[in-house]
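Below is one structure, written out as structure tokens, with a few remarks after it.
The values are calculated or read from the model by the stated rules, or taken from the named source; none is laboratory data. Bear in mind that the values here come from a model prediction, so they are computed numbers and not experimental data. With ideal geometry, Cβ positions are generated from the backbone for all residues, glycine too; neighbour counts draw on all protein chains shown.
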Amino acid sequence: NLTISGKSQPILNPTLEGDKLSFGYLDRKNNLHSVKVTVNGSQLKGEDKGGTTFTEVTGKRR
């Protein structure tokens, strides 16, 4: 699950191919987002595309 503004959302259609991770989720307004990131060790970096907006995504394993 993914937590957005304190609300848990299911991760939709996750795929991992080599170092590429992709999945979808619904935001608070039920808009579908598509996330595509590259995993490098404990780090990840990529983009979140929802409608006409693109957001850079970064993160690390806990």
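Quick notes on this structure:
- Neighbours by Cβ (under 7 Å, 6+ apart or cross-chain): first from segment 5-20, more than 15 Å from residue 34 (Cβ to Cβ); second aliphatic (A, V, I, L, M) and surrounded by 10 or more Cβ atoms within 10 Å (Cβ to Cβ): 19/39
- Evaluation of residue 3 against the conditions (1) closer than 20 Å to residue 62 by Cα; (2) buried (at least 16 other Cβ atoms within 10 Å of the Cβ) shows that the sole unmet condition is (2).
- Selection count where residues are in a strand (DSSP E or B) and at pLDDT below 95, scope segment 1-13: 6
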